[in-house]
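Just so it is clear, none of the values below were taken in a lab; they were calculated from the coordinates. All figures in this text were calculated on a predicted structure; none of them were measured in a lab. Cβ coordinates were reconstructed from backbone atoms using ideal geometry, including for glycine residues, and neighbour counts include every protein chain displayed.
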Amino acid sequence: MQANPAAAPGKPISIAILAMGGQGGGVLADWIVSVAEVNGWHAQSTSVPGVAQRTGATLYYIEMLPPREGQVPVFALMPTPGDVDVVIASELMEAGRSVLRGLVTPDKTLLITSTHRAYAVAEKEKPGQSIGDPQAVHAAAGISARRVIACDLDNLARISDTVISAPILGALAGSGALPFARASFEQVIAAGGKGTAASLNGFAAGFSRADTNELPLLRISPQKVLPALPGDSGHPALNALVSRIQPFPEPLHGIIFAGLRRVVDYQDVAYGAEYLDRVTALHAGDIDAGGQVHGYAFTATAAKYLANAMAYDDVIGVADVKTAARRFHRVARDVGAASGHELEITEFMHPGAEEMVRLLPAGLGRKLSRNPVWMKRIDRLVNRGRRIETTSIRGFVQLYLISALRPWRRKLLRHSEEMAHVEAWLALARQHLASNYRLAEGIITARRLIKGYSDTHAHGLSKYDRVLSAVPALASRDDAGAWMSRLVTAALKDEDGTLLDGALQTVWSLDA
């Protein structure tokens, strides 16, 4: 154990804890205060809550001081940047934020952080890649802190069947930053009563890692491993589909099989055959355009985005996911529901008239969608917030009946609209394939902007249309593929499309 050389005599030891909802930050603060008081010290804790569970951590601040005869200390309510002895972060990006806020300093601060990630809303809300780089946080922590204790404390908590506050307390106790014996910490945990055995196990695991400073290899994007073609899928119809992939060049097998598997899982074997029909036709065009020189990049890109386009998000798919048995098991695991505990899951649904009409047969749905009077009536009937408990019989049956529309999906208005859009998209790409290979590939890639349903789908479709509006201006340019990539990236960067507007203005001015 290493003592804190920065702790001056007569000066309080200060500890800042940054934790998000459900991670036991309040329990951790109470434990630390109790340990100080058990040892006869004065201690005080305060907290400032974050905006919400996943948009801002709660900051707990603790100061403690040994007793002085006849004197009662006055403690601060908030940490002062540059004057914090110990900073504890319940996940890696909170450690990064503590550095940015000036709470961590190289001459004074011990930084204890878990290296796992809990993605914030700001990281998940953008359609493109916006996940923070864990390597940058680790590098900054090494420069900014006097000492760093970093390991996957969340994993230690899961192994011990407890919450992360227990191994964090263990790491703090093992660090030597506080002048209290290990037994004092264990005594405070044991006094809690419920779940003390698991908490003590987690504490011991964290204590044993108090000399660790490591960052596991965390990928911003998960490494994609394409599946190999199976020798036997166990189903004759599926085997027939897999055999149709064999004539393609071997480097394309993995991506086409992954797309086939996605489409068949989404709908059925016949839909998978339709997917392969389209991919085969696109590959034939790729060959005619000299695609071998490009490693058949057009076919590979088309196989990926065509599968996504054919497996579009709709209400039927959402209902299917929400009623799947594996989802109930996953939620129970994530919230730590023990065997025998009752689990309640409430879904918030807000359907609109367009969503409901698109669940109708194509002819009827198209007729209603063109009638403003009927659309207003339907909207008044369905457009209201609904809370549906899928763990109740009534709520489960409601969504299950919607998911049961899956066999009729291809006869519904939404499918008719989606397939018309797919055909127009592929036709535009084929139109430019022979004359500008990279532009055609870029047109295919632009389909990634379209996702979701309802307002999300409409917003993505708007961005897609704006990106493709640049195709005529790029058709004769050798760098058309690079420009299409820039436009798609700009469209993914911000919600209001300001960056995309600027990029489009640049494209239109290229030949001005």
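Taking neighbour Cβ counts within 10 Å as the exposure measure, how do SER208, SER369 sort from fewest upward? Mind showing how you got there, number by number?
On the way: SER208 15, SER369 18.
By the 10 Å Cβ count, ascending: SER208, SER369.
Report relative contact order for the range 13-208 in percent, whole number only (criteria: Cα-Cα under 8 Å, sequence separation at least 6).
20
From the cross-link list LYS367/LYS451; LYS451/LYS493; LYS376/LYS451, which pairs have alpha carbons spaced over 20 Å apart?
Pairs exceeding 20 Å: LYS367/LYS451; LYS376/LYS451.
Would you kindly derive the ³J(HN,Hα) couplings of the range 200-211 from the backbone phi angles with the Karplus curve 6.51 cos²θ - 1.76 cosθ + 1.60 (θ = phi - 60°), listing them in order in whole Hz, with x for Gly and Pro?
Each residue of the range 200-211 in turn: 5, 5, x, 4, 4, 5, x, 4, 6, 10, 5, 9 Hz.
Can you compute the charge dipole magnitude of the chain about its Cα centre, using +1 on each Lys and Arg Cβ and -1 on each Asp and Glu Cβ, nothing else charged? Give it in debye, rounded to the nearest 20.
1240
So, with +1 on the Cβ of K and R and -1 on the Cβ of D and E, and no other charges, what is the size of the charge dipole of the range 313-408 about its Cα centre, to the nearest 20 debye? Don't skip to the end; give the middle numbers.
Values: 17 positive and 11 negative charges, 92 e Å.
Roughly 440 debye, rounded to the nearest 20.
Spelling out what I want: for every residue of the range 367-374, take phi, set θ = phi - 60°, compute 6.51 cos²θ - 1.76 cosθ + 1.60 (Karplus), and round to whole Hz; glycine and proline get x.
5, 5, 5, 8, 10, x, 5, 5
Once amide H atoms are placed 1.01 Å from N in the peptide plane, what residues at a sequence separation of 5 or more from ILE149, or on another chain, have their amide H within under 5 Å of its amide H?
Amide H neighbours of ILE149, under 5 Å, 5+ apart: LEU111, ILE112, THR113.
Using the alpha carbons of the chain, what is the convex hull volume per residue in cubic angstrom, as a whole number?
Roughly 208 Å³ of hull volume per residue.
I need the phi-derived Karplus couplings for the range 473-478: 6.51 cos²θ - 1.76 cosθ + 1.60, θ = phi - 60°, integer Hz, Gly and Pro marked x.
6, 9, 4, 9, 9, 5
Calculate for the chain the 222 nm mean residue ellipticity that helices alone would give, adding -39,500 (n - 2.57) per DSSP H run of length 4 or more and normalising by residue count, nearest 500 deg cm²/dmol.
-15500 deg cm²/dmol
Which of ALA482, THR109, ALA324 sits closest to the plus end of the dipole of the chain, meaning its Cα is farthest towards the positive end, when Lys and Arg get +1 and Asp and Glu get -1 on the C-beta?
Projecting each Cα onto the dipole axis, the largest value belongs to ALA324.
Would you list, by chain and number, the lysines whose Cα falls below 27 Å from the Cα of LYS11, excluding same-chain residues fewer than 8 positions away?
LYS108
How would ASP496, ASP154, ASP478 line up from fewest to most surrounding beta-carbon atoms within 10 angstrom?
Numbers: ASP496 7, ASP154 21, ASP478 10.
Listing ASP496, ASP154, ASP478 from fewest to most nearby Cβ atoms yields ASP496, ASP478, ASP154.
From the square roots a ≥ b ≥ c of the eigenvalues of the alpha-carbon gyration tensor of the range 417-512, which class results: rounded (a/c under 1.5), prolate (a/b over b/c), or oblate?
Since a/c reaches 1.5 but b/c is at least a/b, the shape of the range 417-512 is classed as oblate.
Treat every Asp and Glu Cβ in the range 13-208 as -1 and every Lys and Arg Cβ as +1, leave all other atoms uncharged, and give the resulting dipole magnitude about the Cα centre to the nearest 20 debye. List each step's numbers first, then the result.
Working: 13 positive and 16 negative charges, 44 e Å.
Approximately 200 debye in magnitude.
May I ask for the angle, rounded to the nearest 10°, between helix 413-433 and the longest principal axis of the chain, with both axes built from Cα atoms and the value confined to 0 to 90°?
Once rounded, the angle reads 80 degrees.
Put +1 on the Cβ of each Lys and Arg and -1 on the Cβ of each Asp and Glu in the chain; which of LEU92, PRO351, LEU153 then has its Cα farthest toward the positive end of the dipole?
The listed residue farthest towards the positive side: PRO351.
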